[in-house]
Structures are given as structure tokens and as C-alpha cells.
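Structure record follows, encoded as C-alpha cells.
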């Protein structure tokens, strides 16, 4: 069974170009499209058995994003590539479908993949009422969903800082009405409680899951008198924004402030001590659960394990003294 990466190698193009070509998205020339399809024919292709529940009807899976989700972040691009590859394996393609102001689909699809779900999400309630099969990247009881073990990730990141002797640990998060921001903060609180340390609300900084917002939040907090020797950022993007802010404040990482990110994204997080989440497995589980939804099975949720990767942005407290 060929993968998108193998097709990209044969066609001498990038993985994202193959994804665009296979999913009919703009930005691919006719010559490149033909080269990609020739690579597909050369490698050979046949859907795996899961496809029996998925194909035979419209082959498009609709991607539904919450209105506030940022589309062109490294995390989103990488997740989309993995979803496209896993759907390709079962003879399907993914397409972002048009939505109304509430994020509800205006286009029919075989099934849907939802991102950016939040409390009382109208998309979930509407799709369930209409009987449309879908899977959520996130957590929503009573539906098909898959998510990284974010409470464990927040806990691992914070415990790592505490074990290095950092008792004053701040956290950068955001969108607490969304699963990821809320659950990573839950893990942070659990680690503090386990260590017998109090939770200080003023150490929770709103980075809005972007580098620029994180930069501003850290600058504002430090210049306002908040002090910490450890910082857990709930995304690698926020960690990079925080790192830049700390350097502009004249603080050295990790000698004066240890920093942990979350995601372990290629290039973005490769210098960071960070929590690795397994996007290929998340995408694979999402497609499997979508197959179950299409087959009329009972709703099921799945947590994907995460783990900490220590690198050069954390050190024992006082190492630079």
C-alpha cells in the first residue's frame, strides 16, 4: 500500500503538494498533477479492508473547523497531511467544506472530521441530530472522538520542571473552553497538587495558542512584577514566542528560566524540551473511528499517549548562578 510520502518521492514533489493534488485543492499545475498520478499508477493502489465501510458513496470527507481555528499553523498543516494520507489509504480524500457562521457544513460529504470543538459546540449537536457520521479531533463524550492524552501531557511537562527544582512555575495556555487548553492546564494543576505546592491563578498566562500572543503575555507579566523560574507553554508556537520575550527581557533560557513546549512539531519544536504528541496515530485512529461511525457502531473515544522529550531549554534550578 503506497503512502503519500512514497508518492512524493517518486514524483519528486513535497508531501503537501501530493496532498493538494490528491484532494483536488488549488495550487497544483497540470504537469505536477500528471506527475503525481503517474507515481500513483507506478506504485499501485488498492483500498484496504476498512474502505469497505467507507467507499461506494461520495468519496469526500469534509473537514469542519471551528470559526476561530487558525488554518495555517504548523500543527494544522501537519495534522491535515496525516489525515489526508490515512484517508488515502482507504480510498477517500479530505476537503475543507464551506460552513455557515456557526461552523455548520453547507456541503454534503460522506462523513466529517471536526477540529477545534468547544463546550456546547453547535456543530456536534447539529450533526448528531441530522444523523451525519463524524469524528472529532478532541474530546466530546457521546460522540466518536480521538485526542492526545492532554491531562497527562500537562502533568509531565510541569512535573519535569518541578523535579528540576523549579517551584515557581508559570503556564501559558488559552482557549480554556476548548479541550486542549483546559486539559493541559488540568495536568499543570495536578502536578502542583502532587508536589504540595499551591496553585496561583496569576501564573496562568493567556497565550491564545500563538507565538505573538505568548510573547506579549510573557512580557506583560514579567514587566508587571510576576516572577517564575519555570514556564510550561501548552504549544510549541507559544513556547517560541515566550522564548523570544524572555530573551528581550534579558533572561537566559534555560539558565534563568527553564521552558517546556507541547507538540514536538518538526522544525518548530526541535530545540525545545517538549511534550510529543503522535499525530500519525491520531490521524489513523480518527479514520478508524470514522469507519465505525459510518458503520453505525456505538460512539467511542480514544486517548493517544504522549511523552516528554527533554532537550536544551530546561535545566536544574540555579545552574546559571
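The values are calculated or read from the model by the stated rules, or taken from the named source; none is laboratory data. Predicted model, so just to flag it, every value in this text is computed and none were measured. Glycine also receives a Cβ, built like all others from the backbone with ideal geometry; neighbour counts cover every protein chain displayed.
Please enumerate the residues belonging to region 183-213 that are part of a loop (DSSP other than H, G, I, E, B), over 25 Å from residue 116 (Cβ atoms) and touching a helix residue (DSSP H, G or I) at 6+ places or on another chain (Cβ under 6 Å).
Selection gives 195, 199.
Please enumerate the residues belonging to region 214-229 that are part of a loop (DSSP other than H, G, I, E, B) and more than 18 Å from residue 157 (Cβ to Cβ).
Of everything in region 214-229, those that are part of a loop (DSSP other than H, G, I, E, B) and more than 18 Å from residue 157 (Cβ to Cβ) turn out to be 224, 225, 226, 227.
Tell me which of these residue 283 doesn't satisfy, since it passes every other one: (1) outside the structural domain of residue 138 (by TED's automatic domain parsing); (2) crowded, with 20+ Cβ neighbours inside 10 Å.
Just one mismatch for residue 283, condition (1).
In region 174-182, is there at least one residue being buried (at least 21 other Cβ atoms within 10 Å of the Cβ), outside any helix (DSSP H, G or I), touching a helix residue (DSSP H, G or I) at 6+ places or on another chain (Cβ under 7 Å) and not assigned by TED's automatic domain parsing to the domain that holds residue 87?
Looking through region 174-182, at least one residue is buried (at least 21 other Cβ atoms within 10 Å of the Cβ), outside any helix (DSSP H, G or I), touching a helix residue (DSSP H, G or I) at 6+ places or on another chain (Cβ under 7 Å) and not assigned by TED's automatic domain parsing to the domain that holds residue 87.
Please work out which one of (1) under 17 Å from the mean Cα position of the chain (by Cα); (2) within 24 Å of residue 189 (Cα to Cα) is the condition residue 160 fails and give its number.
The one condition residue 160 does not meet is (1).
If I ask for residues that are exposed (fewer than 15 other Cβ atoms within 10 Å of the Cβ) and either assigned to a helix (DSSP H, G or I) or modelled with pLDDT of 75 or more (or both), which ones from region 51-62 would you list?
Scanning region 51-62 gives a single hit, 52.
Pick out, from region 63-143, the strands (runs of 3 or more DSSP E) lying fully within it that include 3 or more residues that are in contact with a strand residue (DSSP E or B) (Cβ under 8 Å, 6 or more places away or on another chain) and closer than 16 Å to residue 289 by Cα.
Details: elements: 93-96, 111-115, 134-137.
Passing ranges, in order: 111-115, 134-137.
Being free of Cβ contacts under 8 Å to residues at least 40 places away in the same chain and either touching a helix residue (DSSP H, G or I) at 6+ places or on another chain (Cβ under 8 Å) or surrounded by fewer than 23 Cβ atoms within 10 Å (Cβ to Cβ) (or both) narrows it down to one residue among 257, 218; which is it?
Checking each option against the conditions leaves just 257.
Of the residues 244, 234, which single one is in contact with a helix residue (DSSP H, G or I) (Cβ under 6 Å, 6 or more places away or on another chain) and more than 30 Å from residue 146 (Cα to Cα)? Spell out the reasoning first.
Details: 234 fails: more than 30 Å from residue 146 (Cα to Cα).
Going through 244, 234 in turn, the sole match is 244.
Identify the residue in region 271-300 that is over 13 Å from the mean Cα position of the chain (by Cα), in contact (Cβ under 8 Å) with a residue 12 or more places away in the chain and assigned to a loop (DSSP other than H, G, I, E, B) and, among all such residues, is farthest from residue 74 (Cα to Cα).
Among them, the one singled out is 295.
Quick check on my filter: what residues within region 1-46 are outside any helix (DSSP H, G or I), at pLDDT 85 or above and either surrounded by 17 or more Cβ atoms within 10 Å (Cβ to Cβ) or touching a strand residue (DSSP E or B) at 6+ places or on another chain (Cβ under 6 Å) (or both)?
If the condition is that a residue be outside any helix (DSSP H, G or I), at pLDDT 85 or above and either surrounded by 17 or more Cβ atoms within 10 Å (Cβ to Cβ) or touching a strand residue (DSSP E or B) at 6+ places or on another chain (Cβ under 6 Å) (or both), then 13 is the only one that fits.
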